[in-house]
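Peer 1: Take this structure first; my questions come after.
The values are calculated or read from the model by the stated rules, or taken from the named source; none is laboratory data. Remember, it's a predicted structure, so these values are computed and weren't measured experimentally. Cβ placement follows ideal geometry from the backbone for every residue including glycine, while neighbour counts extend to all protein chains displayed.
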There are 2 protein chains.
Amino acid sequence: MKFCSQCGSARIEHVVPMGDSRPRHVCPECATIYYQNPKIVAGCLPVYGDRVLLCRRAIEPRHGFWTLPAGFMENEETTVEAAMRETREEANANVEIEQLYTLINLPHVSQVYMMYRAKLLDLDFHPGAESLEVALFTEDTLPWNALAFPTVAQTLRFYFEDRQRQDFLFRAGDIVRVDGQPIYLERRPSP
Amino acid sequence: MKFCSQCGSARIEHVVPMGDSRPRHVCPECATIYYQNPKIVAGCLPVYGDRVLLCRRAIEPRHGFWTLPAGFMENEETTVEAAMRETREEANANVEIEQLYTLINLPHVSQVYMMYRAKLLDLDFHPGAESLEVALFTEDTLPWNALAFPTVAQTLRFYFEDRQRQDFLFRAGDIVRVDGQPIYLERRPSP
């Protein structure tokens with residue numbers, strides 16, 4: 001942030017405002033304080049029989065890797081609407097939401113993933129503009145080594161674990177980086 | 001938004017960028033696109049025996065009304081950390097998190113509430129800068145008509161319902177406004 005978006009001043013400072021505990025971008029001319037907050041990524045785990053739907057990414061980051069359909073939640077929508085919209089946009093797939101299945105914090109990038117378990121209603125799907133391909137995979141055929149994101153891999157691991165006993169538990173946890181590797185923890189140790 | 005915070009241009013437009021489906025603030029001079037996304041409000045429902053802890057707000061909105069300790073999640077923290085921080089800041093209370101209890105979308109203000117059921121560990125609490133008082137209430141003594149927010153009222157209603165059978169279900173839903181009144185729905189009808 002180089003200029004105040006309210007008054008145009010170039011004197012933006014990065015300081016802790018009075019009564020606050022964290023540095024913010026502040027305009028000393030018009031006194032506007034700019035807050036930045038985590039973003040929600042909402043998506044689906046669409047299931048059809050013993051297969052799950054994945055999209056191969058046509059965009060960066062992780063171009064060419066496989067993901068569950070998911071993306072940034074927009075203003076004025078709900079988490080379920082965001083998950084369904086992303087599934088339509090990326091896979092043109094029709095789903096029925098079953099449950100919020102994983103809620104995963106990514107504090108190092110200030111994101112919170114919310115993945116919904118969903119029933120894929122038919123086989124009438126095809127790639128949207130952000131996907132190269134869309135396909136169904138069983139646990140054995142799934143491209144485990146070519147998944148785009150740790151949140152996607154973790155959600156899929158939980159799913160195939162829970163599927164064996166047909167009891168789908170809601171899971172909440174954090175993914176942190178240890179020696180550059182993503183590790184899933186039910187709760188990260190206090191920073 | 002009146003000026004581009006990257007280049008200082010005053011020519012900010014509100015248009016649908018190429019390949020997008022929603023209007024965004026866009027700078028035609030340096031091509032920066034500004035996205036706005038929903039915010040997470042994280043908080044706790046601290047329980048001590050048959051009583052719950054509430055804070056009377058010392059700030060607007062809803063100055064003087066009672067709330068569960070909660071506030072905007074910050075970058076680089078997790079949802080649990082945000083809930084515990086807000087509980088310390090507003091009530092100086094020590095809690096142990098038990099479960100994510102309610103997840104409530106407020107699409108009309110682009111917020112997602114996440115309230116955690118928590119055990120209040122001791123009676124050593126007192127108001128923080130944003131609270132006038134902090135107190136414990138049973139279901140019968142609770143100021144039901146002086147609660148600050150519909151999300152707080154709904155979370156408390158669920159709690160005292162679930163408490164009777166000692167089975168605390170995770171609930172996810174939406175609060176929408178119908179004739180100016182807030183209504184809780186498991187899922188709002190498609191807009």
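Peer 1: List every residue pair whose Cβ atoms sit under 8 Å apart, with the two residues 6 or more apart in sequence or on different chains, where the first one lies in region B:150-175 and is free of Cβ contacts under 8 Å to residues at least 12 places away in the same chain and the second, anywhere, is surrounded by 14 or more Cβ atoms within 10 Å (Cβ to Cβ) and in a helix (DSSP H, G or I).
Peer 2: Partner pairs satisfying both residue conditions: B:Leu169/B:Phe158; B:Leu169/B:Asp162.
Peer 1: Considering (1) within 27 Å of A:Arg171 (Cα to Cα); (2) within 14 Å of chain A (Cβ to nearest Cβ), say which one B:Asp162 fails and leave the rest.
Peer 2: The one condition B:Asp162 does not meet is (2).
Peer 1: Same structure, new question: When you go through A:Glu89, A:Glu98, A:Glu81 one by one, which is the residue that is farther than 30 Å from A:Val178 by Cα and touching a Gly at 6+ places or on another chain (Cβ under 7 Å)?
Peer 2: Sole residue among the options that is farther than 30 Å from A:Val178 by Cα and touching a Gly at 6+ places or on another chain (Cβ under 7 Å): A:Glu89.
Peer 1: Specify which of the listed residues (A:Leu106, A:Leu120, A:Leu132) is among the hydrophobic types (A, V, I, L, M, F, W, C), modelled with pLDDT of 95 or more, touching a Leu at 6+ places or on another chain (Cβ under 9 Å) and in the same structural domain as A:Thr151 (by TED's automatic domain parsing).
Peer 2: Going through A:Leu106, A:Leu120, A:Leu132 in turn, just one is among the hydrophobic types (A, V, I, L, M, F, W, C), modelled with pLDDT of 95 or more, touching a Leu at 6+ places or on another chain (Cβ under 9 Å) and in the same structural domain as A:Thr151 (by TED's automatic domain parsing): A:Leu120.
Peer 1: Taking the conditions exactly as written (surrounded by 13 or more Cβ atoms within 10 Å (Cβ to Cβ), more than 30 Å from the chain's Cα centre (by Cα) and not aliphatic (A, V, I, L, M)), does B:Cys7 satisfy them or not?
Peer 2: Yes; evaluated as a whole, the condition is true for this residue.
Peer 1: Please find, within region B:152-184, the residue that is surrounded by the most Cβ atoms within 10 Å (Cβ to Cβ) out of those that are among the basic types (Lys, Arg) and under 16 Å from B:Glu98 (Cβ atoms).
Peer 2: B:Arg171
Peer 1: Scan B:Arg62, B:Arg51 and give me the residue that is touching a residue at least 40 places away in the same chain (Cβ under 8 Å), over 28 Å from B:Glu186 (Cβ atoms) and in the same structural domain as B:Gln164 (by TED's automatic domain parsing).
Peer 2: Checking each option against the conditions leaves just B:Arg51.
Peer 1: On to the next question. Counting only residues that are among the aromatic types (Phe, Trp, Tyr) and part of a strand (DSSP E or B), how many does region B:154-191 have?
Peer 2: Pass one, region B:154-191, residues among the aromatic types (Phe, Trp, Tyr): B:158-160, B:168, B:170, B:184.
Next cut, part of a strand (DSSP E or B) only: B:184.
Residues that pass the stated criteria total 1.
Peer 1: Identify, please: which residue in region B:14-33 is among the small types (Gly, Ala, Ser) and within 22 Å of A:Arg85 (Cα to Cα) and is, among those, modelled with the lowest pLDDT?
Peer 2: Per the stated criteria, the residue is B:Gly19.
Peer 1: So which of A:Thr141, A:Thr151 is under 17 Å from A:Ile40 (Cα atoms), more than 11 Å from every other protein chain (Cβ to nearest Cβ) and not in a strand (DSSP E or B)?
Peer 2: A:Thr151
Peer 1: Please verify whether region B:25-41 includes one or more residues that are in contact with a Ser or Thr (Cβ under 6 Å, 6 or more places away or on another chain) and either of a type in the set (Gly, Ala, Ser) or more than 24 Å from A:Ser21 (Cβ to Cβ) (or both). First the steps, then the outcome.
Peer 2: Narrowing region B:25-41 to residues in contact with a Ser or Thr (Cβ under 6 Å, 6 or more places away or on another chain): B:27, B:29, B:38.
With either of a type in the set (Gly, Ala, Ser) or more than 24 Å from A:Ser21 (Cβ to Cβ) (or both) added as a condition, the list becomes B:27, B:29.
Checking region B:25-41: at least one residue is in contact with a Ser or Thr (Cβ under 6 Å, 6 or more places away or on another chain) and either of a type in the set (Gly, Ala, Ser) or more than 24 Å from A:Ser21 (Cβ to Cβ) (or both).
Peer 1: Within region B:118-158, restricting attention to residues that are of a type in the set (D, E, K, R) and in contact with a helix residue (DSSP H, G or I) (Cβ under 6 Å, 6 or more places away or on another chain), which residue is farthest from A:Gly19 (Cα to Cα)?
Peer 2: B:Glu139
Peer 1: Run down A:Ala70, A:Ala82, A:Ala93, A:Ala58 and say which single residue is in contact with a Phe, Trp or Tyr (Cβ under 6 Å, 6 or more places away or on another chain) and either modelled with pLDDT of 95 or more or among the hydroxyl-bearing types (Ser, Thr, Tyr) (or both). Lay out the reasoning, then the answer.
Peer 2: On the way: A:Ala70 fails: in contact with a Phe, Trp or Tyr (Cβ under 6 Å, 6 or more places away or on another chain); A:Ala82 fails: in contact with a Phe, Trp or Tyr (Cβ under 6 Å, 6 or more places away or on another chain); A:Ala58 fails: in contact with a Phe, Trp or Tyr (Cβ under 6 Å, 6 or more places away or on another chain).
Of the residues listed, the single one that is in contact with a Phe, Trp or Tyr (Cβ under 6 Å, 6 or more places away or on another chain) and either modelled with pLDDT of 95 or more or among the hydroxyl-bearing types (Ser, Thr, Tyr) (or both) is A:Ala93.
Peer 1: Restricted to region B:66-103, and to residues that are surrounded by 18 or more Cβ atoms within 10 Å (Cβ to Cβ) and part of a loop (DSSP other than H, G, I, E, B), which residue is farthest from the chain's Cα centre (by Cα)?
Peer 2: Per the criteria, the residue is B:Ala93.
Peer 1: Can you report the number of residues in region A:107-130 which are outside any loop (DSSP other than H, G, I, E, B) and either in contact with a Pro (Cβ under 8 Å, 6 or more places away or on another chain) or away from chain B (no Cβ under 14 Å) (or both)?
Peer 2: Going through region A:107-130 one residue at a time, the tally reaches 5.
Peer 1: Restricting to region B:15-43, count the residues that are surrounded by 13 or more Cβ atoms within 10 Å (Cβ to Cβ), among the small types (Gly, Ala, Ser) and at the interface with another protein chain (Cβ under 10 Å from one of its Cβ atoms).
Peer 2: Count: 1.
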